[in-house]
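The values are calculated or read from the model by the stated rules, or taken from the named source; none is laboratory data. Quick caveat, the model's predicted, so the values are computed rather than measured. Neighbour counts are summed over all protein chains in view; Cβ atoms, including those assigned to glycine, are modelled from backbone coordinates with ideal geometry.
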Amino acid sequence: MITDEPAIWTQGLRKSYPGRGAALDGIDLAVPAGTVHGLLGPNGAGKTTTVRILATLASFDSGQAWVAGRNVARDRAGVRARIGIAGQYAAVDGVLTGRQNLEMFARLHRMRAREARARADELLERFDLVEAAGRPVRGYSGGMRRRLDLAVSLIRSPRVLFLDEPTTGLDPRSRIEVWDAVRELADSGTTVLLTTQYLEEADRLCSRITMVDRGRVVAEGTPAELKSSVGGRDLDEAFLLITEGA
Amino acid sequence: MTVFTDVPDRPIEAGNAHGSRITWATVDTWVVAKRHLLHLVRRPDELLGTLMIPVMAVAMFGFVFGEAFGVAMNVPGEEYREFLLPGLFALTMAFGIGNTTISVAEDVRGGVLDRMRSLPMSPVAVLAGRALADVILAVVELSILLALGTLFGWQAHLGIGGVIAALGLLVLLRMAFSWVGILLGLLVSGPEAAMKYFALVFPLAMVADTIVPTDLMPDWLALPAAWNPLSSTVIATRELFGNTAVPATTWVGEHALTMAVLWPVAIIAICLPLAMARLRRLGR
């Protein structure tokens with residue numbers, strides 16, 4: 001569903017940690033519904049902090065933040081009912097099996113037991129985890145773990161999905177599997193905010209990219225716009241030129 | 001046991017009515033508790049390790065040191081063991097703190113707690129599930145200890161009512177210690193730190209009326225030992241089991257039954273809100 005109202009909108013988002021200075025120094029984002037938006041930047045740029053704030057896991061000092069039409073500061077429950085979050089830490093339970101993970105999180109999403117089982121079946125099928133469903137997750141490969149993490153984040157078909165460095169540390173094959181899954185999601189109309197430090201990933205998946213560095217937005221546009229704005233051939237070059245100029 | 005049966009279906013969503021919020025908190029708590037119990041079943045070695053503490057304690061204190069302690073107390077070994085067992089029941093409840101702390105610290109590290117916080121579930125259930133799992137585990141541990149104690153000649157003299165009341169007090173104490181462990185798990189830097197702090201359980205478990213009566217301790221130790229929440233539960237359960245070899249001499253000892261309820265309730269009343277506040281501020 002694409003409407004005029006952005007699925008994610010922030011203005012002047014600021015946050016500082018005591019003793020560590022500003023983590024975010026005025027982040028403006030406007031992500032149209034149904035698109036994949038990239039948040040690109042080096043380690044420590046403020047990508048994860050932004051995602052944690054938008055996912056109601058962290059507070060912010062000033063500015064405004066809206067997700068799926070809900071005010072992040074005032075309506076946490078409303079936001080939580082409409083989002084999914086997955087990422088580099090793959091927060092699934094390593095001791096439980098893939099199926100037990102899905103059923104547990106489905107139950108915590110307020111599904112009935114039978115509904116939860118059916119949803120688990122569906123997601124196991126979709127993420128090619130049927131065979132591994134009965135095995136403890138800690139025996140999974142990195143890619144399988146990340147796919148399960150993604151499956152868990154999609155239990156309630158969220159309007160907005162946050163993917164925090166979903167392919168960091170994955171081998172090339174697993175990375176492509178995750179990319180395929182993200183593309184499929186975008187095709188089905190989910191809004192995705194993807195943080196990454198891989199320029200190739202942003203180039204392939206995102207319709208627009210916000211480049212951040214040291215808590216500030218340094219550039220924004222389509223991958224092609226960002227490349228041509230600096231006369232470079234690829235995003236790597238663009239990124240280096242933009243962050244150096246900032 | 002009811003560990004593996006499923007909860008009844010959730011009620012249809014009924015807005016934010018107060019009643020339905022409590023129902024949801026209960027169901028969420030059970031779902032989270034089931035996760036922790038599945039962990040124990042999936043890692044039987046860990047369960048075995050947990051259950052070994054009380055068994056070893058009976059063997060060590062009952063038999064290795066028991067005869068000597070009995071001499072110091074002017075009672076025969078059998079009578080000392082009857083005095084000892086209620087102490088070991090409570091001691092086992094205290095040792096559970098380590099398990100709880102490590103489990104919570106692991107969930108903070110692994111990101112599972114963050115994921116739960118991002119769900120539209122009841123916030124208190126994220127932590128209360130751990131407490132419920134601990135209480136169920138405590139019932140299993142106490143059943144084993146009771147059987148083991150009976151095997152070694154321990155018995156309750158005042159009937160089934162007293163036994164049930166005593167077990168209730170022990171489980172209440174475990175619930176209080178569970179909230180202490182949950183709070184500590186949210187405060188420590190990680191599961192490794194939690195393991196290193198484990199030694200702190202020893203004074204809690206032993207500077208109390210558990211293994212030896214407080215009269216046999218030096219005066220400066222006898223006072224904190226008497227006021228240790230563990231002591232109240234131990235003395236109260238000794239009374240309820242009819243295992244009173246040594247009469248209580250302090251004010252807090254004379255009011256053990258009341259204190260055995262008040263202490264745990266006070267501990268929960270302090271630790272639960274602190275843990276919830278800490279959970280909200282986690283990673284902020």
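Could you tell me which residue of the stretch B:38-48 is modelled with the lowest pLDDT, considering only residues that are within 11 Å of chain A (Cβ to nearest Cβ) and in a helix (DSSP H, G or I)? Reasoning before the result, please.
In the first step, residues of the stretch B:38-48 are kept if they are within 11 Å of chain A (Cβ to nearest Cβ); the result is B:38-43, B:46.
Add one more test, that the residue is in a helix (DSSP H, G or I), and what stays is B:38-42, B:46.
On the way: B:LEU38: 94, B:HIS39: 92, B:LEU40: 89, B:VAL41: 88, B:ARG42: 87, B:GLU46: 75.
Filtering the stretch B:38-48 for residues that are within 11 Å of chain A (Cβ to nearest Cβ) and in a helix (DSSP H, G or I), the one modelled with the lowest pLDDT comes out as B:GLU46.
Take B:ALA260 and decide whether it is within 24 Å of B:PRO86 (Cβ to Cβ), in contact with a helix residue (DSSP H, G or I) (Cβ under 8 Å, 6 or more places away or on another chain) and free of Cβ contacts under 8 Å to residues at least 60 places away in the same chain. Lay out the reasoning, then the answer.
Numbers: within 24 Å of B:PRO86 (Cβ to Cβ): yes; in contact with a helix residue (DSSP H, G or I) (Cβ under 8 Å, 6 or more places away or on another chain): yes; free of Cβ contacts under 8 Å to residues at least 60 places away in the same chain: no.
Considered against the rule, which asks whether it is within 24 Å of B:PRO86 (Cβ to Cβ), in contact with a helix residue (DSSP H, G or I) (Cβ under 8 Å, 6 or more places away or on another chain) and free of Cβ contacts under 8 Å to residues at least 60 places away in the same chain, B:ALA260 comes out as no.
Taking B:LEU85 as the residue in question, decide whether it is modelled with pLDDT of 90 or more, assigned to a helix (DSSP H, G or I) and surrounded by 17 or more Cβ atoms within 10 Å (Cβ to Cβ). Walk me through it before giving the result.
Working: modelled with pLDDT of 90 or more: yes; assigned to a helix (DSSP H, G or I): yes; surrounded by 17 or more Cβ atoms within 10 Å (Cβ to Cβ): yes.
Yes.
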Notebook entry, point to check: So which residues in the stretch A:126-179 are assigned to a helix (DSSP H, G or I) and aliphatic (A, V, I, L, M)?
Noted result: A:VAL137, A:MET144, A:LEU148, A:LEU150, A:ALA151, A:VAL152, A:ILE176, A:VAL178
Note to self: Every residue in the stretch A:66-96 that is on the phi > 0 side of the Ramachandran plot and facing another protein chain (nearest Cβ under 8 Å), please.
What the structure shows: A:ALA90
Check: With respect to A:GLU131, is the statement that it is without any contact (Cβ under 8 Å) to a residue 60 or more places away in the chain and under 23 Å from the mean Cα position of the chain (by Cα) true?
Finding: no
Notebook entry, point to check: Among the residues of the stretch B:236-273, which ones are exposed (fewer than 15 other Cβ atoms within 10 Å of the Cβ) and in a helix (DSSP H, G or I)?
Noted result: B:TRP251, B:GLU254, B:THR258, B:LEU262, B:VAL265, B:ALA266, B:ALA269, B:ILE270, B:PRO273
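Just wondering, is there one or more residues in the stretch A:102-115 that are free of Cβ contacts under 8 Å to residues at least 40 places away in the same chain, buried (at least 21 other Cβ atoms within 10 Å of the Cβ) and not hydrophobic (A, V, I, L, M, F, W, C)? Outline the logic, then answer.
Our first condition is that a residue be free of Cβ contacts under 8 Å to residues at least 40 places away in the same chain; within the stretch A:102-115, this holds for A:103-104, A:107-108, A:110, A:112-115.
Now narrow it down to the ones that are buried (at least 21 other Cβ atoms within 10 Å of the Cβ): A:103-104, A:107-108.
Next, from what is left, pick out any that are not hydrophobic (A, V, I, L, M, F, W, C): A:103, A:107.
Yes, the stretch A:102-115 contains a residue that is free of Cβ contacts under 8 Å to residues at least 40 places away in the same chain, buried (at least 21 other Cβ atoms within 10 Å of the Cβ) and not hydrophobic (A, V, I, L, M, F, W, C).
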Note to self: Please verify whether B:LEU169 is aliphatic (A, V, I, L, M), over 26 Å from B:ILE235 (Cα atoms) and at pLDDT 95 or above, treating the condition exactly as stated.
What the structure shows: no
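At least 2 residues that are more than 14 Å from chain A (Cβ to nearest Cβ), in contact (Cβ under 8 Å) with a residue 12 or more places away in the chain and surrounded by fewer than 20 Cβ atoms within 10 Å (Cβ to Cβ) in each: list the helices (runs of 4 or more DSSP H) lying fully within the stretch B:93-194 that qualify.
Working: elements: B:112-117, B:123-151, B:159-187.
Correct list: B:123-151, B:159-187.
Answer yes or no as to whether A:ALA186 is out of contact with any His (no Cβ under 8 Å at 6 or more places or on another chain), part of a helix (DSSP H, G or I), within 13 Å of chain B (Cβ to nearest Cβ) and touching a residue at least 24 places away in the same chain (Cβ under 8 Å). It would help to see each step written out before you state the result.
Values: out of contact with any His (no Cβ under 8 Å at 6 or more places or on another chain): yes; part of a helix (DSSP H, G or I): yes; within 13 Å of chain B (Cβ to nearest Cβ): no; touching a residue at least 24 places away in the same chain (Cβ under 8 Å): yes.
No.
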Notebook entry, point to check: Is it the case that the stretch B:16-35 has a residue that's in contact with a helix residue (DSSP H, G or I) (Cβ under 7 Å, 6 or more places away or on another chain) and modelled with pLDDT under 85?
Noted result: no
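Could you say which residue among A:ARG99, A:ARG107, A:ARG117 is over 21 Å from the mean Cα position of the chain (by Cα), within 9 Å of chain B (Cβ to nearest Cβ), farther than 30 Å from A:GLN197 by Cβ and in a helix (DSSP H, G or I)? I'd like the intermediate steps shown before the answer.
On the way: A:ARG99 fails: within 9 Å of chain B (Cβ to nearest Cβ); A:ARG117 fails: within 9 Å of chain B (Cβ to nearest Cβ).
Exactly one residue qualifies, and that residue is A:ARG107.
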Margin query: Which residue is surrounded by the most Cβ atoms within 10 Å (Cβ to Cβ), if the candidates are limited to the stretch B:195-223 and must be without any contact (Cβ under 8 Å) to a residue 60 or more places away in the chain and not in a helix (DSSP H, G or I)?
Written below: B:VAL207
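Tell me, yes or no, whether the stretch A:9-16 has at least one residue that is without any contact (Cβ under 8 Å) to a residue 40 or more places away in the chain, more than 23 Å from A:GLU200 (Cβ to Cβ), among the aliphatic types (A, V, I, L, M) and surrounded by 15 or more Cβ atoms within 10 Å (Cβ to Cβ). Show your work before the answer.
Initially, the stretch A:9-16 is screened for residues without any contact (Cβ under 8 Å) to a residue 40 or more places away in the chain, giving none.
Looking for residues that are without any contact (Cβ under 8 Å) to a residue 40 or more places away in the chain, more than 23 Å from A:GLU200 (Cβ to Cβ), among the aliphatic types (A, V, I, L, M) and surrounded by 15 or more Cβ atoms within 10 Å (Cβ to Cβ), one finds none in the stretch A:9-16, hence no.
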Margin query: Against the condition touching a residue at least 24 places away in the same chain (Cβ under 8 Å) and either part of a helix (DSSP H, G or I) or under 18 Å from the mean Cα position of the chain (by Cα) (or both), how does A:LEU123 come out, does it pass?
Written below: yes
Margin query: Restricting to the stretch A:164-179, name every residue that is within 23 Å of A:ARG99 (Cβ to Cβ) and either modelled with pLDDT of 90 or more or within 13 Å of the chain's Cα centre (by Cα) (or both).
Written below: A:PRO166, A:VAL178
Check: Which ones in the stretch A:66-96 are hydrophobic (A, V, I, L, M, F, W, C), assigned to a helix (DSSP H, G or I) and touching a residue at least 12 places away in the same chain (Cβ under 8 Å)?
Finding: A:VAL79
Note to self: Looking at A:GLY63 and the list (1) small (Gly, Ala, Ser); (2) in a helix (DSSP H, G or I); (3) more than 8 Å from chain B (Cβ to nearest Cβ), which single condition is not satisfied?
What the structure shows: (2)
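Between A:LEU39, A:LEU24, A:LEU13, which is out of contact with any Leu (no Cβ under 6 Å at 6 or more places or on another chain) and farther than 16 Å from A:ARG82 by Cβ? It would help to see each step written out before you state the result.
On the way: A:LEU24 fails: out of contact with any Leu (no Cβ under 6 Å at 6 or more places or on another chain); A:LEU13 fails: out of contact with any Leu (no Cβ under 6 Å at 6 or more places or on another chain).
After ruling out the rest, the residue left standing is A:LEU39.
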